[in-house]
Every structure is written in C-alpha cells, then in structure tokens.
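The values are calculated or read from the model by the stated rules, or taken from the named source; none is laboratory data. Note that this is a predicted model, so its numbers are computed, not measured. FYI the Cβ positions are ideal-geometry reconstructions off the backbone, even for glycines, and counts take in every protein chain you see.
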Amino acid sequence: MKSSGKFGKYGGMFVPEALMPALEDLEKAYFGIVKKNRKFKEELNQLLKDYAGRPTPLYFAKNLSKKLGIKIYLKREDLLHGGAHKANNALGQGLLAKYMGKTRMIAETGAGQHGFATAMVGALLNIGTEIYMGVEDIERQKMNVLKMKACGAKIHPVEVRRGVGTLKDAINEALRDWITNIKTTYYLIGSVVGPHPYPSLVRDFQKVIGQEIKKQILAKEGRLPQAIVACVGGGSNALGAFYSFIQNPEVSLVGVEAAGKGLNTPKHSATISRGSDGILHGSLSKILQTKDGQIKEVYSIAAGLDYPGVGPQHSFLAEIKRVAYAAATDREAIEAFKTLSEIEGIIPALESAHAVAYILKEAKKYKKGDIVVINLSGRGDKDLETMERFYE
Ligand SMILES: *Cc1c(COP(=O)(O)O)cnc(C)c1O
C-alpha cells in the first residue's frame, strides 16, 4: 500500500495487490505524459477544440438573471460534443491510452453518458472499446446503449446476485476485467473517483472548464464571480469548474448533491451531506453505507448523480470547508428543468438542473449585482422521456 495521491486523509490506493503494477504504470504516465509531454498536450488541445468544440461559451442568462435579481452566467458544457462535460475526460484518457500503447479500452457506465463518451473516443482513436453496464441501466438508458453500439463499442451486461445491477456493480466488473488484461487494456474511469492517480488525472482533464470560466468572466465583467455552482455525482464537472478558483477565497464554491425524495428518506444520493468515511472502489472518501459497512442503494431522478461515493478531493474540500455542499430534491430539479427550458430555451440535463435548483432556491442570499456562474454539465435530451409525465 502506497500513501501517494492523498487529499488530507482521503484518497489513496486501496486495491488488490494484482492491480498495483497497472496503477503504478498509470501514475508514471500521468506525471510523464499528461503533465510533461508537449506533444500530448498539443494533440489534446487540438482535439478539445476541433473535435469537441472548446472553449464552450459562458452565457449571460438574461431572463433568469432578471427573474432572480442577480447576474447568472451559464457555463455551456451542454454544447460540448456528446452533450456533456464527459468528453473532456474521455478524450484525455483515450489519448493517454494511445500514448501508453494500449490496444483495448474498458469503461463502466451508469446512465450511459460516460459509456457513450468512451465509445466515441474509442472510434475516433481506433481503440477497441468494451463497456460494462448494469442490466437495469441497459433497460433504462436505451438511447445511450444504441449510441455506444453505433460507435462500435461492445456492451457487457452486468448482473449481480444481490442488488440491482447498476453503476457500482459495473465498476467492480470492469476492475475484474482490468486485473485479467492489464498489459493490453486501459481502464477509463468516468469521474474523479477510484484509486490514485484517477482522482487527480480526471480532475486535470476537467479543470479546463474552470480555466475557461476565469478567462471568460474577467473578459465580460472584469471581476471574479461571487459563486460557482455545480452538481456533484462522482464530482468531476464540479471539481473541473472549481479547481482554478480554490486559491481565490473570495469566490464561494457550491456543490449540489441529489437529495432525491428527501435527505430524511433512504432515497437520495447525497454522499457528502449524509455519508461517512469508508473505502469504495479503491479510495477512502465519504460513502453512503449502513452501520455494518454495506454500501447503500442510492437514488436520484438524475441517473448521473446516482452513485454511493464521491471523489476523495471533495471529501477533503468539505472537511476544510473550502467548498459548501448543498442538496436539491427530485422535485426541485424538475422545477429547475422546466424553468430554465421555459425562460431561456435551454434544456438542461436533470443532473445540471440540480445546480440550477440551488440558485432558484438561494438567490436571495446574494446581493443585487452579484455574479453567480452555474456549470451546465450537460443537455437534457436524454431526460425528456423521464420529464414527459411532469407536463400536462
Ligand atoms: C455524469 C454526469 C454528471 C455527474 O458526474 P460528475 O462526475 O459528478 O460530474 C453530471 N452531469 C451530467 C450531464 C452527467 O452526464
């Protein structure tokens, strides 16, 4: 057990001995290629620009601002190729796999968004891609399954004896595959979770969001915002948006978790608000667990927020109180989805609608003229079927 990759007490590499060589290789590649190799950086920047569509706009939401009496900007990650911020990470890790000489990529997916992003990059970079997905999720996320297939990826349905076959089980299955095929295979994790170096690696591929926000808001307003708000599942879009502002204490950072049917019911996935310290998928972080340490079944109407853990750096940022964590219920997210669609003509992903819900609820905490940036992590096409029953 090595102690590298710690955020305070959180993080680390809590994995079977058989995985250590692969993680050490990846750590070497992280420091040697991602941080140092100029050609890698140039190639990735080019892809982010011409393939994915960066920089994404920072849009002044005039109508929402008028309604709330403060200045709201939306960081438009929903306009990125694939419809969400996940492309930033998939392109970065996919290119890294290529540089490491891997011929096969595997990934886990819950809602299918990360599976699709990985399949898309596998096609682009000509790396055979296989996706682990819970049987229940395959049923619920048909469109994303079809998109993955269209890009040539192979889907492995994951069934479990106990539980329902969702993201947590898909990750376990992908880890098992990786142990068996370490030489040829790259495991592309979808958020700032997992053993070191993944939480740092994924954060570094997502931090472009906050770097752009900083440049764009200074150009538009000549000052930094009062707050940046983002939804938190595993925590990658939030950490990507926050990272460049951690050293600017005048900017408050707010992560919004899924309160599902309510924080006082068992049906939520608010890991920081309601979790406790424990180990899940190779790192120490806050997790949702029962008294005897079993992982709880979690829930949110937004499939991408439905994860019983959270990135270890978030647990640390919560502990030192640099980031404040709030929660929005299904009902509040549904209202926010409707409001943003109706007054701005922008249909947000239900995940991102949790961040919008926060500002609808809390705008009165801010002063007139205050600037709040909301990271719109993805677009809501995938959620229209879910939303249909909430319209007359
Ligand atoms: C996957 C996803 C999320 C949640 O993942 P994070 O790692 O917390 O960012 C949020 N929004 C959208 C649109 C997603 O697809």
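For the range 327-371, residues that are surrounded by fewer than 20 Cβ atoms within 10 Å (Cβ to Cβ) and either among the aromatic types (Phe, Trp, Tyr) or on the phi > 0 side of the Ramachandran plot (or both) total 3. Of the residues making up the range 373-392, those that are under 20 Å from the mean Cα position of the chain (by Cα) and either crowded, with 17+ Cβ neighbours inside 10 Å or not acidic (Asp, Glu) (or both) number 10.
Restricting Gly53, Gly101 to residues that are within 16 Å of the ligand (Cβ to nearest atom), at positive phi and either surrounded by fewer than 17 Cβ atoms within 10 Å (Cβ to Cβ) or hydrophobic (A, V, I, L, M, F, W, C) (or both) narrows the list to Gly53.
Among the residues of the range 81-98, those that are in contact with a strand residue (DSSP E or B) (Cβ under 6 Å, 6 or more places away or on another chain) and not in a helix (DSSP H, G or I) comprise Gly83, Ala84.
For Leu91, indicate whether it is away from the ligand (no atom under 14 Å from the Cβ), closer than 22 Å to Glu27 by Cβ, within 17 Å of the chain's Cα centre (by Cα) and touching a residue at least 40 places away in the same chain (Cβ under 8 Å). So that I can check it myself, show each step before the final result.
Working: away from the ligand (no atom under 14 Å from the Cβ): yes; closer than 22 Å to Glu27 by Cβ: yes; within 17 Å of the chain's Cα centre (by Cα): yes; touching a residue at least 40 places away in the same chain (Cβ under 8 Å): yes.
For Leu91, the condition - away from the ligand (no atom under 14 Å from the Cβ), closer than 22 Å to Glu27 by Cβ, within 17 Å of the chain's Cα centre (by Cα) and touching a residue at least 40 places away in the same chain (Cβ under 8 Å) - is met.
Which of the strands (runs of 3 or more DSSP E) found entirely inside the range 203-320 contain at least 3 residues meeting this: within 24 Å of Pro57 (Cβ to Cβ)? Steps first, answer last, please.
Numbers: elements: 227-231, 252-260, 276-280, 283-287.
Result: 227-231, 252-260.
Taking the stated definitions as given, is Ala61 within 24 Å of Tyr186 (Cα to Cα) and either among the hydrophobic types (A, V, I, L, M, F, W, C) or within 12 Å of the ligand (Cβ to nearest atom) (or both)? Spelling it out, it is not the case that Ala61 is within 24 Å of Tyr186 (Cα to Cα) and either among the hydrophobic types (A, V, I, L, M, F, W, C) or within 12 Å of the ligand (Cβ to nearest atom) (or both). Within this structure, Gly134 passes the test of being more than 13 Å from the ligand (Cβ to nearest atom), closer than 24 Å to Glu297 by Cβ and in the same structural domain as Glu27 (by the TED database). Going by what's in this entry, would Glu297 be described as in contact (Cβ under 8 Å) with a residue 40 or more places away in the chain, among the acidic types (Asp, Glu) and within 16 Å of the ligand (Cβ to nearest atom)? Here the answer is no, as Glu297 does not meet what is asked. Residue check: Ser4 meets all listed conditions (1) of a type in the set (Gly, Ala, Ser); (2) within 17 Å of Ser236 (Cα to Cα); (3) at pLDDT below 95 but one, namely (2).
In this structure, Gly194 does not satisfy being in the same structural domain as Ala326 (by the TED database), within 16 Å of the ligand (Cβ to nearest atom), under 22 Å from the mean Cα position of the chain (by Cα) and in contact (Cβ under 8 Å) with a residue 60 or more places away in the chain. Checking Ala153, Ala111, Ala123, Ala119 one by one, the residue that is of a type outside the set (S, T, N, Q), crowded, with 21+ Cβ neighbours inside 10 Å and more than 19 Å from the chain's Cα centre (by Cα) is Ala153 and no other.
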